[in-house]
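Here the structure is laid out as structure tokens; the discussion comes afterwards.
The values are calculated or read from the model by the stated rules, or taken from the named source; none is laboratory data. On a predicted model such as this, the values are computed, not experimentally measured, just so you know. Cβ coordinates were reconstructed from backbone atoms using ideal geometry, including for glycine residues, and neighbour counts include every protein chain displayed. Just the protein is used for accessible areas: all its heavy atoms, side chains included, with ligands, DNA and RNA removed. Shrake-Rupley method; radii C 1.70, N 1.55, O 1.52, S 1.80 Å.
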Amino acid sequence: MEHNEIIKLLLETENGLSADEKKKLSEKVDAIYIDARIEHHQRIARKQTISGLLLILFALLTFGIILFGRQINGSTLVWLKGLATGYFFAVLITFPKTLRNHSKIAYVLKIIKQLNEKTNQ
């Protein structure tokens, strides 16, 4: 297979790429654009990790409140419920970014960049 056919196959199989990204990457693209897109998807992948950690913290905090709620005094329990509610909203805000595997998208973009570099040599 030629480099262009491999790039075309990668673009068809990667569902996380936007239509604009697929269009631009199927054409002859400069390395600056690909680097910017790789950085963008890596940044979102880091946010996905943080969102996952927030989800785990929320689950642990909520479990602790349910388990030890009767043993905690009233004002502390209200404070903990407020904190759990805040974590819940933080997870809701960051959750939509976790629906795509951005680290995989960044990896596919790195492969396309390398194939473009091989084609240019």
(request) Select from segment 65-119 the residues that are within 19 Å of Ala45 (Cα to Cα), among the hydroxyl-bearing types (Ser, Thr, Tyr) and open to solvent by less than 90 Å² (accessible area, probe 1.4 Å) and write down the one among them that is modelled with the highest pLDDT. (result) Ser103
(request) Give the residues of segment 9-30 that are open to solvent by 50 Å² or more (accessible area, probe 1.4 Å) and in a helix (DSSP H, G or I), sorted by residue number. (result) Leu9, Glu12, Thr13, Ala19, Asp20, Lys22, Lys23, Lys24, Ser26
(request) Would you tally the residues in segment 40-64 being open to solvent by 80 Å² or more (accessible area, probe 1.4 Å) and out of contact with any helix residue (DSSP H, G or I) (no Cβ under 8 Å at 6 or more places or on another chain)? (result) 7
(request) Would you mind finding the one in Gln114, Gln71, Gln48 that is touching a Ser or Thr at 6+ places or on another chain (Cβ under 8 Å) and polar (S, T, N, Q)? (result) Gln48
